[in-house]
Structures are given as structure tokens and as C-alpha cells.
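The values are calculated or read from the model by the stated rules, or taken from the named source; none is laboratory data. All values reported here derive from a predicted model rather than from experimental measurement. Note that we place each Cβ from the backbone using ideal geometry, even for glycine, and neighbour counts take in every protein chain shown.
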Amino acid sequence: MRRSVTTLFAIILLCLTSNSQTFIEDVTCYNTVSGLSSSPVIWGVQDDDGLLWFLTWNGLNCYDGYDFHWVKIKPGDGSSITSDHLRDIRLSPNRSIFCRTDKSICEFSLDDYTFKELSKSRQDSLRPLMNKQWNGLTDRQGNRWYADKKSLYKVVRRHHPSRIIPGTAGERPRSFMLDKEGRLWIGFRNTSQIKIYTPGDTVPETMSLSSNPYVIFQRRNNDIWTGCKPGALIKDNSQNLITDAVYDIKEDSHGRLWIATFGNGIRCCLRPDEARPQVSASLGGSKVRQLLITPSDRLIAATTDGLMIGQISSSDCLAIELRLVRRDSYNSRSLASDDIMALARDSRGNIFIATESSGIDMISEEKLFSDNPEFIHFNKHNSSLTDDVCKSMTLVADTMLITVGNDNVTAFNPTNRTSVNYGKEFWADSCQFTEATPLVLPDGSWILGAEQGALHATAHNLYTRGYIPPIVYTTLAINGGNDEFCLAHRDSIKLDADERNVSIGFAAIDFVDNNGIFYRTRVDGSPWTNASHSRNITLFNLSPGEHTLEVQSTDRYGRWVNNNRKLTISVDYYWHETWWAEMTFILLTLIATGAAVYTFIYIRRINRQRRELLDKYMALIDSDRSKTNQPGKEEMSISDTQQASRPESSPFLTRVRCYIEENIGNPDANIDDMAAAAAASRSTLNRHLKSQIGISAAQLLIEARLQRAEQLLRERPELSISEIAQMCGYTDPQYFQRMFKSKRGYTIASWRSSAGTKEPS
């Protein structure tokens with residue numbers, strides 16, 4: 001049976017396409033406005049990387065399909081020729097181009113873009129081959145290039161895979177159906193007719209209706225039902241049952257028909273076999289575009305206001321309870337859009353929802369009917385889809401979702417989430433598609449609705465596009481400088497240490513049509529960037545060492561192909577970034593750290609020793625003062641051995657101590673008088689004090705006065721701060737308080753409250 005149906009289709013399609021045009025020639029003109037350095041073009045060749053080189057009266061021009069790059073002779077570049085005025089060129093077998101001037105023949109290297117003059121013998125052997133007239137060239141894609149005195153021309157001979165089905169030109173197909181006899185039914189949006197293509201007949205049968213057919217449906221018992229707009233539901237082209245605009249018809253497992261109306265919601269025909277079937281009133285919803293009935297009798301409706309879902313009752317279709325699932329702007333996992341265009345379900349129970357302008361959503365049937373449905377979104381920002389507009393959709397064998405946009409068709413694989421985009425160049429530049437659901441025939445070919453008519457795309461042309469555009473690197477800009485065309489034939493570049501910011505241009509060579517090509521990049525094995533039409537990448541703050549840039553592109557139909565091109569980027573080191581410099585820095589850091597630690601420990605030890613000496617000295621002052629102030633108490637005796645062990649036992653320190661004790665309350669006490677009392681000069685006084693107790697004479701006097709203040713604060717609570725300041729040699733109480741806080745770290749009041757008034761033991 002399957003073979004017979006396929007044979008019928010072969011006959012149908014032979015009849016439909018026999019008079020179609022196979023090739024279309026597009027001519028494109030290039031001149032100085034397009035980027036050529038000059039006209040006319042004298043000669044042209046194509047190199048091994050696919051780039052085209054054209055010779056003009058003003059030097060060489062390289063064309064990558066997007067831009068013309070002018071290769072100029074630069075003063076001081078070591079070139080043996082001094083003029084851009086060349087006569088003709090030839091491609092050499094060793095990655096170079098032979099260029100003939102008026103007087104000599106030179107060689108242009110494609111590796112480093114330099115000219116050098118050939119030996120005389122080599123020139124003599126090439127001269128007979130080069131003095132000829134250029135008659136154009138044919139590139140590897142079959143495009144023809146030629147020139148006249150004004151311009152360069154490209155002739156592209158396109159083989160369009162799609163053809164308009166005879167009898168549909170100028171019509172707007174809205175519905176397709178393949179009946180059980182192998183006949184193709186086509187309904188139109190702008191005429192109240194259906195055309196039926198029967199195998200073996202060259203002229204279709206025409207069926208006239210009362211309204212424009214938006215859906216054609218064949219029941220399991222072979223009845224043909226037609227839904228129309230402005231409004232009709234027609235059974236077997238005889239009975240008009242309702243006046244609503246009907247967009248879709250589905251049959252459930254009980255033989256009942258469910259009707260999607262655009263304006264009156266969902267309706268049901270309980271007994272469609274009756275002579276005059278009755279159709280229910282609206283069961284819910286308003287503007288419904290399409291229906292889906294699952295094997296478990298669940299109803300899903302695509303509306304302009306979200307998804308309407310409900311469980312179909314086996315006994316009473318009117319008992320269905322419908323609820324609306326809508327987009328929640330605060331929930332990223334909700335519907336992407338409430339304006340639903342089409343629905344599909346695979347064998348695993350996944351539901352696919354085509355939205356008007358937000359891509360495709362996917363959700364399992366069970367999740368959809370749960371209390372918290374969460375959708376997976378597919379759009380041009382997070383998947384391989386190139387367009388978010390979906391006018392219609394159909395699912396083929398669980399592996400291919402065919403979505404129709406305004407001027408493109410996409411074949412999306414929901415399993416591996418890859419897609420193939422069939423853009424305008426695949427159909428026609430002016431092609432605009434309708435909302436007709438695509439029909440996939442048994443031989444794999446497609447029937448699509450367009451404003452120009454019904455399109456038939458053969459499976460061979462859909463799936464056997466073999467050209468893979470090669471990728472070339474083109475331009476390089478360093479540290480924000482101008483782009484320089486110097487990378488087209490190189491796989492590696494070397495940068496100086498100060499060249500850390502680079503911008504690199506690239507192109508996938510397709511001289512037929514490169515508008516549909518997308519690119520992605522990655523550096524050092526990082527994840528691929530999102531697909532875009534951008535042909536440039538900028539790398540900032542490159543670290544020294546070796547980096548790898550990869551570029552991949554799609555073909556002109558948006559399909560990713562295996563054309564990865566790598567570019568190795570080597571960045572030199574600054575002297576301080578070398579390994580030996582780093583080791584030197586580490587060693588010096590360790591030495592400096594060790595020295596700092598040693599110095600810190602040494603200073604702490606010395607200061608501790610000096611502080612101990614000072615404490616002993618100040619304790620002696622306090623002891624002597626207490627003896628003087630308390631004559632009734634038993635005097636403390638210090639043995640000769642103890643005194644000898646103390647630094648203050650020396651005559652020098654004794655004289656200093658005596659001066660301080662006598663003048664501790666004298667505001668006029670000064671260092672000069674202290675030096676005189678100690679029988680030393682001022683400098684000698686300070687030097688001896690520094691060496692023996694670690695502080696200067698001024699610091700010693702201040703410390704003695706502050707210790708005297710602490711004693712008075714502790715033992716004489718009745719004294720005011722002014723009185724204590726005067727007894728300690730300070731005439732200004734405020735200055736005294738500042739000095740106390742600076743040296744002790746707390747105010748006099750806080751010290752007094754914490755110290756108490758207890759007599760020292």
C-alpha cells in the first residue's frame with residue numbers, strides 16, 4: 001500500500017512540476033562604489049582558499065564575498081616594484097600570484113603579502129603565458145565573473161528547489177489535505193474554491209463553496225468536512241451547519257468532531273454521522289486557531305489568549321471543563337506568549353507550541369495538565385532557531401518540526417535542538433508565507449502555502465545541499481588601530497609584548513548568497529558564543545603565551561557545517577613576565593620578608609629591654625618619693641647587691657633622678673637644667689639616656705610627671721584635675737589632659753573611675 005501511494009505521488013508531482021522553470025540567473029554588478037579600488041577589472045583568479053583576486057589599474061583587490069580588500073604597495077616594505085599599475089596576473093602553484101608590470105614580472109606571496117621580482121630566466125618562461133586577454137572566470141560554485149570597461153559582474157545560476165504548483169499561482173493557499181486515495185486538496189484564503197489534484201490528471205478538479213476554506217478534514221469514515229471563513233462548517237460539500245469562522249476540525253476516539261472557531265470558541269458535534277448533525281454551543285474560549293486531541297482524550301486548544309486545556313468525557317462531550325493556561329510575566333517558565341499559532345505532539349507525549357513572535361515552547365502532556373506547568377523555551381537567543389515568528393507548524397516522525405515564518409521555513413530537531421533554516425534565497429526573494437499548515441508527502445517533499453501560490457519543494461533539493469563555505473581570516477587590528485588585510489592565508493600570528501588587544505575579521509566564502517550565514521567563535525576551548533552575523537571578534541588583555549581562536553559558520557541555509565578554522569595567536573612576554581624574572585621577584589620577596597621579620601623581632605627585644613630599665617627607674621622614683629612623704633613608716637632598705645644590679649645606681653642616673661624628683665612640679669624644668677644637674681651636655685644627656693633606658697630626656701620627664709599624676713589620681717581623689725596638673729608641672733589643665741590621653745590611651749576621668757582610690761600596698 002505504501003509503495004502504491006508513493007507511486008501516486010510521483011505521478012502527481014511529475015504533472016505539477018513538468019512546466020516549471022529550473023534555473024534562474026541573478027546578475028550582480030560591482031564597481032568603485034562597491035569597494036573596488038578602480039575600474040576596469042583587467043584579470044581575475046581564485047586561490048586555494050576560495051578568495052577571488054582581481055587586478056585593476058590601481059592594484060590588486062581581494063574579494064571574500066562581503067568586502068573588497070585593496071592590497072597596495074607601501075613605501076619601505078621592501079617591494080621590488082614601485083607602482084600599483086599592473087597588466088595581468090596568474091595563480092602559481094606555490095601559494096603566490098604572478099604579476100606582470102610594463103617592464104618585469106614579480107611574485108606576490110600569499111603568505112606575507114609582499115612583492116619580489118623574479119629572476120630574468122623565470123620571467124622569460126612566464127612572459128608567453130601572461131600576455132593574453134582575460135575572458136572572465138568561473139568560480140568553484142559555478143558562478144560566472146566577467147568585466148567590461150566600467151564594472152565587474154557576477155552571474156549566479158540558481159536552481160530553485162521549490163516550484164509553484166500549476167493552478168495555484170497568484171492564489172493564497174490556506175489549507176492542505178492528502179486524502180486516503182492519494183489526492184491533494186488545496187483550499188485558498190482569497191477564493192471560495194478547493195482544487196483537488198488526482199494522480200494521472202494534469203488539470204485539477206475544482207470544488208466551489210459558499211465561503212473560503214480554512215481547513216479541510218477527512219474523518220475515519222472518509223467523510224470530508226470543510227471549515228470556512230467568514231463562516232461555514234460544511235459536510236460533504238452540501239450542508240452548512242454553523243455560521244462561525246472555522247479554523248480547525250479534529251475527531252476524538254469516540255468519533256465526535258471538535259470545531260475550533262475564531263470568535264465563538266470551541267464547539268462539538270456529538271453525532272456527525274446523522275443526516276443533519278447538531279453542533280453544540282460554545283464550550284469555552286473565543287478566538288481558537290487550532291486543536292490537538294491526545295491519545296488519552298485530552299483537548300488542547302491554541303487561542304489568541306493562551307492555551308485552553310480540558311479532559312474529554314467518554315459519555316458527554318458537553319461535560320468538559322476547560323481552563324486557560326496563560327503567560328505569567330513574573331514567571332520565566334510560563335508560556336512565552338499567549339498568542340498561539342499551532343500545536344503538535346510527539347510519540348513521547350511532548351507538546352510543542354508555536355507562538356506568534358516568541359519562538360517555540362515545549363512541555364510534557366502530564367506537566368501541562370498539572371497545577372504548575374513549566375515550559376521549555378526555544379528561540380533565536382537560546383537555540384539554533386533563526387526566527388521567533390511562527391505562522392504555522394507541523395511535526396514529522398518525532399524528529400523534525402517544520403515551522404513557517406514570514407519569509408523563511410525552519411526544520412528544527414527537538415531531540416538534539418539543531419535546525420536547518422531555509423531562507424529567502426531558498427524560495428524566492430519576494431516569497432511571503434501564509435498560515436497554511438505545511439504538508440509533508442510520503443516521498444519527503446513539502447507543500448507550503450505562500451502569497452504567490454502553493455509551493456512544492458522536492459526532498460532531493462531540501463536535503464542534499466553539499467557546498468560547505470570555507471572560512472578565512474581576513475583583517476587584523478592591533479590596540480585599536482586600523483584594520484589591515486593580512487590574515488587570509490595564515491594559520492598563526494605573532495604579537496609583540498605590548499600588543500595585547502586585537503580585533504580579527506573573518507568570512508565564510510559563499511559567492512552565491514551569504515546573507516543566511518551565521519557565525520560563532522571560541523577562544524582556548526571556551527564554550528561557543530551565540531550565533532550571529534558578526535564577522536569580527538575583539539580580544540582584550542591577552543595574556544602572554546599561545547592562544548587558539550576558532551571560528552565556525554553555517555551554510556547559506558542556516559545549517560551548522562564542519563568548517564572550523566583555527567588561528568594560533570602567540571603573545572610575547574615582557575621581561576618582568578618571564579619565568580626567571582618571576583623567580584627573582586620571589587627570591588627578593590623572601591629575602592625582604594626575612595629581613596623585615598628579623599628586624600621586627602630585634603627591635604621588639606631591644607625595646608622590651610629598654611622598657612624594663614625604664615620601669616625599674618620609675619619604680620625607684622616612686623619608692624623614694626613615698627619614703628619622703630611618709631616619715632612615720634618603716635623605711636625600706638635596699639641591699640648593696642640590689643642597688644648594684646639596677647641601672648639607676650650609677651652616679652649619672654642618680655643625678656638625673658634627683659633633678660626630676662626635685663623639679664617634677666616645676667613648670668620651668670627643662671632639659672638644659674637637667675643636663676647641668678647631671679654634669680653633662682644636652683646631647684650627652686640624651687645619648688646616655690637612650691643607650692641605658694631607651695628614651696630621651698624630654699620623654700623621661702614626661703613619663704615621670706604622668707606617673708606622678710597617676711599616683712595622685714589614685715591616692716588623692718579630693719584633688720581636682722587643675723590641682724593635679726599644677727602639682728605635675730603643667731600650668732594648662734587642658735594641655736595636661738590631652739598629654740595624658742595621648743600617652744595613656746584614655747581620659748583622666750575614665751582612668752580615675754577605673755583605678756579607684758585604694759591605697760597602694
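Here E577 meets the list (1) at pLDDT below 75; (2) within 30 Å of L495 (Cα to Cα); (3) exposed (fewer than 13 other Cβ atoms within 10 Å of the Cβ) almost entirely, failing just condition (3). If you go through the range 237-250 and pick out every residue that is surrounded by 17 or more Cβ atoms within 10 Å (Cβ to Cβ), of a type outside the set (K, R) and either part of a strand (DSSP E or B) or not assigned by TED's automatic domain parsing to the domain that holds D297 (or both), you end up with 4. Restricting attention to the range 244-296 and to residues that are touching a residue at least 40 places away in the same chain (Cβ under 8 Å) and of a type in the set (K, R), the residue that is nearest to N212 (Cα to Cα) turns out to be R289. When only residues in the range 130-141 that are surrounded by 12 or more Cβ atoms within 10 Å (Cβ to Cβ) and not acidic (D, E) count, which is nearest to the chain's Cα centre (by Cα)? Here the residue is Q141.
Restricting attention to the range 312-338 and to residues that are surrounded by 14 or more Cβ atoms within 10 Å (Cβ to Cβ) and outside any loop (DSSP other than H, G, I, E, B), the residue that is farthest from the chain's Cα centre (by Cα) turns out to be C317.
Pairing residues of the range 85-109 that are assigned by TED's automatic domain parsing to the domain that holds S38 and over 18 Å from L51 (Cα atoms) with residues that are among the aromatic types (F, W, Y) and surrounded by 17 or more Cβ atoms within 10 Å (Cβ to Cβ), at Cβ distances under 9 Å and at least 6 apart in sequence or on separate chains, gives L86/W43; R87/W43; I105/F98; C106/F98; C106/F115. Just to verify a result, which residue in the range 542-563, among those that are under 19 Å from the mean Cα position of the chain (by Cα) and without any contact (Cβ under 8 Å) to a residue 40 or more places away in the chain, is surrounded by the most Cβ atoms within 10 Å (Cβ to Cβ)? Selected residue: E550. A single entry from G44, G65 fulfils the requirement of being part of a loop (DSSP other than H, G, I, E, B), at pLDDT 90 or above and not β-branched (V, I, T): G65. Checked against (1) part of a helix (DSSP H, G or I); (2) of a type in the set (S, T, Y); (3) touching a residue at least 24 places away in the same chain (Cβ under 8 Å), Y730 passes all but a single condition, namely (1). Scanning the range 713-723 for residues that are part of a helix (DSSP H, G or I), over 15 Å from S753 (Cβ atoms) and touching a helix residue (DSSP H, G or I) at 6+ places or on another chain (Cβ under 9 Å) returns S722, E723. Taking the listed residues A507, A477, A454, the one that is assigned by TED's automatic domain parsing to the domain that holds N563 and crowded, with 17+ Cβ neighbours inside 10 Å is A507, with no other qualifying.
Mind counting the residues in the range 339-355 that are surrounded by 16 or more Cβ atoms within 10 Å (Cβ to Cβ), closer than 20 Å to R417 by Cα and of a type outside the set (F, W, Y)? Residues meeting the conditions: 10. If I filter the range 142-174 down to residues being under 30 Å from D88 (Cα atoms), exposed (fewer than 15 other Cβ atoms within 10 Å of the Cβ) and within 43 Å of the chain's Cα centre (by Cα), which single residue comes out as modelled with the lowest pLDDT? Checked the range 142-174; the qualifying residue modelled with the lowest pLDDT is R157. So, of the residues in the range 663-695 that are surrounded by 13 or more Cβ atoms within 10 Å (Cβ to Cβ) and of a type in the set (G, A, S), which turns out to be farthest from A725 (Cα to Cα)? So the residue we want is A680. For the range 201-233, filtering for residues that are buried (at least 21 other Cβ atoms within 10 Å of the Cβ) and among the hydrophobic types (A, V, I, L, M, F, W, C) leaves 6.
Scanning the range 480-494 for residues that are surrounded by fewer than 16 Cβ atoms within 10 Å (Cβ to Cβ) and part of a strand (DSSP E or B) yields E484, S492, K494. Residues in the range 539-566 that are charged (D, E, K, R), at pLDDT below 90 and out of contact with any helix residue (DSSP H, G or I) (no Cβ under 8 Å at 6 or more places or on another chain): D555, R559.
Checked against (1) within 30 Å of A281 (Cβ to Cβ); (2) at pLDDT 95 or above, K367 meets all criteria but (1).
Here is the figure for the range 78-93: residues that are modelled with pLDDT under 80, within 17 Å of Y113 (Cβ to Cβ) and out of contact with any Ser or Thr (no Cβ under 9 Å at 6 or more places or on another chain) total 1. For the residues D387, D346, D361, the requirement of being closer than 23 Å to V288 by Cβ and without any contact (Cβ under 8 Å) to a residue 40 or more places away in the chain singles out D361. Scanning the range 109-129 for residues that are among the hydrophobic types (A, V, I, L, M, F, W, C), over 24 Å from A508 (Cβ atoms) and surrounded by 15 or more Cβ atoms within 10 Å (Cβ to Cβ) turns up F115, L118, L126. Among the residues of the range 251-268, is any part of a strand (DSSP E or B), within 29 Å of H377 (Cβ to Cβ) and among the aromatic types (F, W, Y)? Looking through the range 251-268, at least one residue is part of a strand (DSSP E or B), within 29 Å of H377 (Cβ to Cβ) and among the aromatic types (F, W, Y). Only one entry of S392, S358, S383 meets the criterion of being more than 25 Å from A450 (Cα to Cα) and among the small types (G, A, S), and that entry is S383. If we scan the range 82-101, do we find a residue that is loosely packed, with under 12 Cβ neighbours inside 10 Å and among the charged types (D, E, K, R)? No, every residue in the range 82-101 fails to be loosely packed, with under 12 Cβ neighbours inside 10 Å and among the charged types (D, E, K, R). Residues that are over 19 Å from H533 (Cβ atoms), outside any strand (DSSP E or B) and not hydrophobic (A, V, I, L, M, F, W, C) do occur in the range 382-392, at least one of them.
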